[in-house]
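Undergrad: Have a look at this one before I ask anything.
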Amino acid sequence: MKLLFITTKIHEKDDDFAFSSLWVEEFIRQGFDVSVICHEKGVFTGNFPVYSLGREKGFSNFKSLLIFLKLIFKLDYDRVFVHMNPKWVVPGALLWRIKKIPVYLWYTHYTMHFPLRVSHWLCKRLFCATENSMPQYDKDPKKVVTGHGIDMRFWNFNNVANSEKKPKTELLSVHRICRSKRLDLVIKALQFLPNEYNLTVYGRELEDDYAKEIKDLIEELGFGNRVKLMGSVPMPKLLEIYPQYQIMINMAMETIDKTMVEAMLAGIQVVTTPNNARAIGMPNYPKEETPEAIAEYIKNIDFLSAEELRRITRKNHSLESLIKKMGEYIKSGN
């Protein structure tokens with residue numbers, strides 16, 4: 001089965017899309033012959049063909065589009081899998097419809113826009129991590145909830161005793177700094193925690209206005225010594241960062257960040273919204289999405305064992321299981 005895998009970036013040291021290579025490798029392990037089209041190509045060691053649309057060379061959107069159209073005409077493939085970026089379904093829609101090539105989309109977000117509408121029309125299936133993704137297509141047979149895809153081979157942590165970790169008063173957040181992640185809610189929760197509680201945040205600043213609001217909030221609350229904004233780090237660096245912590249906080253709206261599930265493999269207790277906790281498979285969570293409720297939950301957190309956290313992740317969110325679920329649809333053309 002020849003699969004055309006279309007994604008934003010192939011770069012194994014990226015802070016956001018390094019996992020794309022892991023997905024390709026798992027498709028190959030499960031019997032697919034994969035060719036990749038990406039908007040940007042960086043460092044990668046995989047033994048599969050990657051065709052870049054030239055973002056790393058500064059190509060214009062128009063030039064990238066011309067390259068894309070040339071590639072989808074030239075390459076040999078039986079199926080198309082579009083990863084996270086429905087905009088690339090639009091220019092290929094007519095060709096793939098004429099050639100009767102089944103198209104599939106992975107998209108774990110809740111916003112509606114024109115490329116997603118086209119994807120719903122053209123694609124055989126719309127895969128997503130949780131029920132919270134693409135809520136506008138609830139009860140639509142095209143929507144298939146699969147869980148997140150976390151590569152257990154890559155995120156293979158050694159057991160670290162809590163006595164060797166930072167104290168539970170050192171809190172961790174790993175996500176982009178943008179309004180939908182609601183980092184302000186987490187910072188405000190520190191007001192209701194004893195002064196020994198601190199927060200370290202890893203992630204790029206995605207929205208300049210919101211990043212400024214966060215920095216202003218830190219200054220306003222006098223939390224210059226309690227909140228550290230560390231910026232983005234390459235994904236492999238998280239292999240060293242996660243095992244240092246006992247508690248991660250992520251109050252993102254509507255969808256779960258994969259970083260929460262990665263952290264669970266390192267034995268980290270995740271604090272998130274009730275909806276996100278249920279989607280992940282976590283039994284405990286703050287009862288309300290307020291700074292006071294978050295702080296109260298953290299002070300009285302009921303820690304699950306590292307073994308239980310890993311069991312939840314393997315059961316609901318392994319990459320091997322994810323590709324197997326999607327592969328059954330893709331191979332059959334359904």
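Undergrad: Would you kindly state how much longer the chain becomes between LYS168 and ILE241 on full extension, computed as 0.36 nm times their sequence separation minus their alpha carbon distance, in nm to one decimal?
TA: Working: separation 73, 0.36 × 73 = 26.28 nm, distance 1.45 nm.
In short, 24.8 nm is gained.
Undergrad: Nearest 500 deg cm²/dmol is fine: what mean residue ellipticity at 222 nm does the chain get from its DSSP H runs of n ≥ 4 alone, each adding -39,500 (n - 2.57), divided by its residue count?
TA: Numbers: 12 runs with 118 residues, N = 334.
-10500 deg cm²/dmol, from helical runs alone.
Undergrad: Right, something else. Working only with C-alpha atoms, what are the Rg and Dmax values of the range 131-206, expressed in angstrom?
TA: When restricted to the Cα atoms of the range 131-206, Rg and Dmax are 17.7, 50 Å.
Undergrad: If you take all C-alpha pairs in the range 117-175, what percent of them are over 20 Å apart? Walk me through the numbers on the way to the answer.
TA: On the way: 936 of 1711 pairs.
Pairs farther apart than 20 Å: 55 percent.
Undergrad: To continue, here is another question. For a test of the definition: using alpha carbon positions, the gyration tensor, and the 1.5 limit on a/c, classify the range 48-186 as rounded, prolate or oblate.
TA: Working: a/c = 2.04, a/b = 1.71, b/c = 1.19.
Prolate.
Undergrad: Just to be sure I understand the curve: with the Debye formula and one point per C-alpha of the range 188-334, what is log10 I(q)/I(0) at q = 0.20 Å⁻¹?
TA: -1.42
Undergrad: How much of the accessible area of the range 101-203, in percent, comes from carbon and sulfur atoms when a 1.4 Å probe is used? Each step should come with its number before you reach the end.
TA: Details: 2190 of 4440 Å².
Here carbon and sulfur together make up 49 percent of the probe-accessible area.
Undergrad: Where a ≥ b ≥ c are the square roots of the eigenvalues of the C-alpha gyration tensor, would you call the range 1-125 rounded, which needs a/c under 1.5, or, failing that, prolate if a/b is larger than b/c, or oblate?
TA: On the way: a/c = 1.32, a/b = 1.19, b/c = 1.11.
The shape class here is rounded.
Undergrad: Return the whole-Å distance between the Cα centroid of the range 299-333 and the Cα centroid of the range 110-127.
TA: 24 Å
Undergrad: If we sort 279-289, 205-215 on the protection proxy, mean other Cβ atoms within 10 Å, highest first, what's the order? Mind dumping the intermediate values first?
TA: Details: 279-289: 17.4, 205-215: 14.8.
The densest-packed peptide leads the list: 279-289, 205-215.
Undergrad: Can I ask one more? Å³ per residue of the Cα convex hull, for the chain?
TA: Working: hull volume 45.4 nm³, N = 334.
In the chain, the Cα hull volume divided by residue count equals 136 Å³.
Undergrad: Of all alpha-carbon pairs in the range 166-258, indicate the percentage at a distance above 23 angstrom.
TA: Details: 801 of 4278 pairs.
Value for the range 166-258: 19 percent of Cα pairs lie more than 23 Å apart.
Undergrad: Under 19 Å between alpha carbons: how many lysine pairs meet that in the range 72-156, if sequence neighbours fewer than 8 apart on the same chain are excluded?
TA: 11
Undergrad: Multiplying the sequence separation of ASN195 and ILE98 by 0.36 nm and subtracting their Cα-Cα distance, what value in nm do you get? The partial results should precede the final answer.
TA: Numbers: separation 97, 0.36 × 97 = 34.92 nm, distance 6.36 nm.
Net length gain for the segment: 28.6 nm.
Undergrad: Under the rule a/c < 1.5 gives rounded, and otherwise a/b versus b/c splits prolate from oblate, where does the range 213-283 land using the Cα gyration tensor? Write down the numbers at each step before the final one.
TA: Numbers: a/c = 2.08, a/b = 1.33, b/c = 1.56.
Note, shape of the range 213-283 comes out oblate.
Undergrad: Which length gain, in nm to one decimal place, applies between ASN158 and GLN30 when the Cα-Cα distance is subtracted from 0.36 nm times their residue separation?
TA: Numbers: separation 128, 0.36 × 128 = 46.08 nm, distance 2.65 nm.
Result: 43.4 nm gained on full extension.
Undergrad: Quick one: how many Å² of PHE5 are accessible to a 1.4 Å probe, rounded to 10?
TA: 0 Å²
The values are calculated or read from the model by the stated rules, or taken from the named source; none is laboratory data. All of these numbers come straight from a predicted model, not from anything done at the bench. Every residue, glycine among them, receives a Cβ derived from its backbone with ideal geometry; neighbour counts consider all protein chains shown. Ligands, DNA and RNA are excluded from the accessible area calculation, which covers all protein heavy atoms including side chains. Shrake-Rupley method; radii C 1.70, N 1.55, O 1.52, S 1.80 Å.
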